[in-house]
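Comments concern the structure below.
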Amino acid sequence: MNLRGKMIVIKFGGSSLRSEFKSAVSLIKALSEEKDVVVVVSALKGITDLLEKYTDTFDSRYAVEVSKTYLEFGKRMGIDTSSLSPYLKQLFNPPDLPPQALRDYILSIGELLSAAMIAEKANGAVIFPWDLFVAHGSFGNGFIDIKKSKRNVKLVKEALESGKIPIIPGFIANLNGYRVTLGRGGSDYSAVALGVLLNSELVAIMSDVEGIFTADPKMIPYSLLIPYMSYDEILIASKYGMEAIQWKAAKLAKEYEALILFGRASDWRMGTVVSNSSSHMPLLSYDQGKLLVMNMDSEIPYEVVEEGEFWRVYRVPKRDSIKIIKELHRKIIYQENAQLLGRVKA
Ligand SMILES: Nc1ncnc2c1ncn2[C@@H]1O[C@H](COP(=O)(O)OP(=O)(O)O)[C@@H](O)[C@H]1O
Ligand SMILES: N[C@@H](CC(=O)OP(=O)(O)O)C(=O)O
């Protein structure tokens, strides 16, 4: 299966594709000179939200916006947009399906459009995820059955053997013959599942930030990059709203000890490696009234709702959350600088 001895699964998230499409294509080409590369792609950032609105209302203006976004983006990237036509047809004329199945059918179209674009630019062959991933669960919340999906990895092998780069639309699987989505952020899960199925040496998750930071770098610009995180840390972080990885992906990675690298297409050497090792650096995350504080002593005047060996979750109202995160983060900077100074002195 490992044709050249080394295989890497690389996933490009919606943020990465939208802001660094050309870097993504260059990275795929450069890596594929050395290794067998299997690519997983998400919908362009914002597209799944539009598709959700389309399935909620069936207001065709949302479908038009999706189509316009891809056609304009494709033209700007020098893509022959006729490769998008079959999927745009599916968007405007979906088949007759039961309502929940129809919803997932439509939600899957963003990933299919992205895959067509990347395939055209990077000598790729699109592999349909419903031919690859057997799922259980329910519409909107599929779970990949690793054992049952194993027999389908030959599709990936065949594409590699024919000299093509397999491009797999993420976020989608097959539930009893229907397309099923894997929950928001589910392309991470597709990528880790592929890594497990192919026994790849690495699953690289590319986003629009350099890796995982002590807090969302878009909220806290002075947050620090975490070089190493353990599976347990990433699982807790993703469970409590740290968006860089979906929790199902984190859980599967832990179960199979899949090596993961987070990075960005334009500068992916500066990443976060997820394995059994940890830098034990703090991390703060906030989601729906809950503030996660990991790897640091924290005494804040809010109710503790859950805690574990290295983490604590407080109930914090949204209006206080940014202020608390900023305050706690100042402590993190102090703590990390003190440790660095200690190391320099020693
Ligand atoms: N601690 C963190 N470290 C890194 N990114 C974080 C963190 N917390 C939140 N994020 C956010 O996660 C985003 C990446 O997740 P997501 O939007 O799902 O990206 P993608 O579209 O690449 O899958 C980043 O743009 C960043 O703003
Ligand atoms: N497009 C889907 C799946 C996904 O994983 O996206 P991203 O990789 O951009 O988070 C979503 O928005 O949920």
Subject >> Scope segment 236-257; condition assigned to a helix (DSSP H, G or I), open to solvent by less than 40 Å² (accessible area, probe 1.4 Å) and either within 14 Å of ligand 1 (Cβ to nearest atom) or touching a Cys at 6+ places or on another chain (Cβ under 9 Å) (or both); matching residues >> reply: ILE236, ALA237, SER238, LYS248, ALA249, ALA250
**OP:** Scan LEU51, LEU91 and give me the residue that is within 16 Å of ligand 1 (Cβ to nearest atom) and open to solvent by less than 50 Å² (accessible area, probe 1.4 Å).
**Re:** LEU51
Subject >> Close pairs from segment 41-62: first at pLDDT 95 or above, partner hydrophobic (A, V, I, L, M, F, W, C) and open to solvent by 40 Å² or more (accessible area, probe 1.4 Å), Cβ under 9 Å, at least 6 apart >> reply: SER60/PHE92
**OP:** Please name all residue pairs, on different chains or six or more residues apart, with Cβ atoms under 9 Å, provided the first residue is in segment 266-283 and is of a type in the set (D, E, K, R) and the second residue is modelled with pLDDT of 95 or more and away from ligand 1 (no atom under 11 Å from the Cβ).
**Re:** ASP267/SER23
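Could you identify the single residue in GLN288, GLN339, GLN335 that is touching a residue at least 40 places away in the same chain (Cβ under 8 Å) and open to solvent by 70 Å² or more (accessible area, probe 1.4 Å)? Outline the logic, then answer.
Working: GLN339 fails: touching a residue at least 40 places away in the same chain (Cβ under 8 Å); GLN335 fails: open to solvent by 70 Å² or more (accessible area, probe 1.4 Å).
Within the list GLN288, GLN339, GLN335, the selection yields GLN288.
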**OP:** Say whether the condition of being within 16 Å of ligand 2 (Cβ to nearest atom), in a strand (DSSP E or B) and open to solvent by 40 Å² or more (accessible area, probe 1.4 Å) is met by at least one residue in segment 310-330.
**Re:** no
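Which ranges mark the strands (runs of 3 or more DSSP E) fully within segment 167-220 that have 2 or more residues being out of contact with any helix residue (DSSP H, G or I) (no Cβ under 7 Å at 6 or more places or on another chain) and under 23 Å from ALA122 (Cα atoms)? Before you say what the answer is, go through the steps one by one.
Values: elements: 172-175, 178-181, 202-207.
Those strands (runs of 3 or more DSSP E) span 202-207.
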Subject >> segment 160-196: number of residues that are open to solvent by 10 Å² or more (accessible area, probe 1.4 Å) and over 14 Å from the mean Cα position of the chain (by Cα) >> reply: 13
Original post:
When residues of segment 172-200 are filtered for being within 16 Å of ligand 1 (Cβ to nearest atom) and not small (Gly, Ala, Ser), how many remain?
Top reply: 8
Subject >> Flag if SER83 is of a type in the set (S, T, N, Q) and open to solvent by less than 20 Å² (accessible area, probe 1.4 Å) >> reply: no
Subject >> Flag if ILE106 is part of a loop (DSSP other than H, G, I, E, B) and open to solvent by less than 30 Å² (accessible area, probe 1.4 Å) >> reply: no
Original post:
Take the residues of segment 258-270 that are open to solvent by less than 10 Å² (accessible area, probe 1.4 Å) and of a type outside the set (A, V, I, L, M): which is nearest to the chain's Cα centre (by Cα)?
Top reply: PHE262
Subject >> Boolean, ALA30 is away from ligand 2 (no atom under 16 Å from the Cβ), among the small types (Gly, Ala, Ser) and farther than 21 Å from ALA173 by Cα >> reply: yes
**OP:** Might you let me know whether segment 110-120 holds any residue that is more than 14 Å from LEU44 (Cβ to Cβ) and open to solvent by 30 Å² or more (accessible area, probe 1.4 Å)?
**Re:** yes
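The values are calculated or read from the model by the stated rules, or taken from the named source; none is laboratory data. Nothing here was measured: the structure is a model prediction, and the numbers come from that model. With ideal geometry, Cβ positions are generated from the backbone for all residues, glycine too; neighbour counts draw on all protein chains shown. In case anyone asks, the SASA skips ligands and DNA or RNA and just uses the protein heavy atoms, side chains included. Shrake-Rupley method; radii C 1.70, N 1.55, O 1.52, S 1.80 Å.
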